[in-house]
Every structure is written in structure tokens, then in C-alpha cells.
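The values are calculated or read from the model by the stated rules, or taken from the named source; none is laboratory data. Remember, predicted model here, so these are calculated numbers, not experimental data. No Cβ is skipped: glycine too gets one built from the backbone with ideal geometry, and neighbour counts run over all protein chains shown.
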């Protein structure tokens, strides 16, 4: 089972991507426990693309979903400048309020929630693939 | 996002409902900002009605915390559950902030 949605990379479209993803999840009868992981991973990755991929210019972002054996694979593609989010430095989670920043936390969540995550640059596109499975608890 | 506010023993008790995501998160910072501008510096944030939070939500909380720290204020949390609790935990926010099981506990010990 597979389906895709391509829209302008704008945070105004986050809700549409979210509804698309949740409705496919339900349609494909994936475990309900996947929903919060899916929402979080999707938002963090889409916000990154919307914020950085095209600089001040415009461009699209595409979400492809596929389901197999109870696992859900997200492929997020943009045609902006080459960027591998997996090279983002892991945040220091031990700092206190004054020193603490939020940079890198989104990608940290993706790593924590995903069973697998990988990046490749292909045909002028950034492709990030994330596999979510209900049986992978956070931090596992 | 929706808010319910009350005062208890010097704390502003702010109950947050709905979703704290990239679109709605600035509302939290703005709401707390209203109280801070009015002179309040101690907050208990009740998250029992919060269904979802992302790094954008944490950013909004952290910005508020930094503002309060500069005023020697307090920001503590109560009633974390589900994915909100999980996100607080994996981000280190549970360790960075005081988190209580109930509002009464938060007011008494916060």
C-alpha cells in the first residue's frame, strides 16, 4: 500500500499533510500506537524543509507513505539545497534553562521514534526515509 | 490551543488544552507573557488536556522559562501523560523542570 502528497513547502500546509498521513494510517489499519510517533516525526521533518530547504524561495515537499507488515515508511522529498539532517549535532540534554537551546531536538525525536532513518541525495532531491513500527519503544 | 487560568497560593495555574505544534506554540508564550507583563512570576502549567507537543512547543516553553529565570520566577508542570510525557522525557525537559503528579503537589512543592 502506498500513496503520496506533494504540496508547497509552507507550514500552512502542515495540517493537510497530517490529515493525509493519519487517514492513510487508519485506512491501512496500522496500529493506533503509531499515530503520535507519526505526527511528531512528520511535523519535525516538514518544519525543517519548510524553514530551510529553499532559503527565501519557494518549492515543494512530497510525502510518500507505504505500509508493510504493520510498519509505516515515510519518504520526505524536497528539491532544495543539499541537506542531510542526520548530520545535525545531537543536542546536549543535560544543560539547564539558561544554557539550553532547542536546536537539534526535532531530529533527535525522529531518531528516538524511528526504527530506521536514512538520508540520500538523489536527482537534485533530498530524500529522508523513516520507518516507524509500533513495537519500537522510544529510546530502543 | 485553549487555556484555563486560575490563581492558587501565589501561582498562576495555567491549564493548556489541545495541541502545541509549530502553528499553535507561540500562543503559549504569548499567554504566559500576558501574566508576566502583569507582574506574575510563578506558574504551574497543567498539561492534562494537552494531546500533542513537538519541539516547537518545547521552544515556546523554554523561551518562557528563560524569561522567568531572569525574574527569579518559577515554571513547574503537572499532570503529564501519554506522548507529552514521552516528549518531555526524551528531550531532557523532565530533568530540567520540576514535574508533579497533581496541581496541589506543584503548588505545595513547586
Selection from the range A:88-102 of residues that are closer than 18 Å to residue B:90 by Cβ, more than 9 Å from every other protein chain (Cβ to nearest Cβ) and surrounded by fewer than 16 Cβ atoms within 10 Å (Cβ to Cβ): A:89, A:90
Expected single match for more than 10 Å from chain B (Cβ to nearest Cβ), in contact with a helix residue (DSSP H, G or I) (Cβ under 8 Å, 6 or more places away or on another chain) and outside any strand (DSSP E or B) among A:119, A:83 is A:83
Enumeration of residues in the range B:6-36 that are touching a helix residue (DSSP H, G or I) at 6+ places or on another chain (Cβ under 8 Å), in a strand (DSSP E or B) and more than 14 Å from chain A (Cβ to nearest Cβ): B:8, B:11, B:12, B:13, B:14, B:16
Test: residue B:73 is at pLDDT below 95 and over 30 Å from residue A:13 (Cβ atoms): no
Assess whether residue B:110 counts as being within 14 Å of chain A (Cβ to nearest Cβ) and either in contact (Cβ under 8 Å) with a residue 60 or more places away in the chain or within 20 Å of residue A:94 (Cα to Cα) (or both). no
Is it the case that residue B:68 is modelled with pLDDT of 95 or more, out of contact with any strand residue (DSSP E or B) (no Cβ under 7 Å at 6 or more places or on another chain) and part of a helix (DSSP H, G or I)? no
Note on the range B:37-58: residues more than 13 Å from the chain's Cα centre (by Cα) and either over 19 Å from residue B:80 (Cβ atoms) or in a strand (DSSP E or B) (or both) are B:37, B:38, B:39, B:40, B:51, B:52
Considering only residues that are within 15 Å of residue B:17 (Cβ to Cβ) and more than 8 Å from chain A (Cβ to nearest Cβ), look in the range B:61-96 and name the one that is nearest to the chain's Cα centre (by Cα). B:77
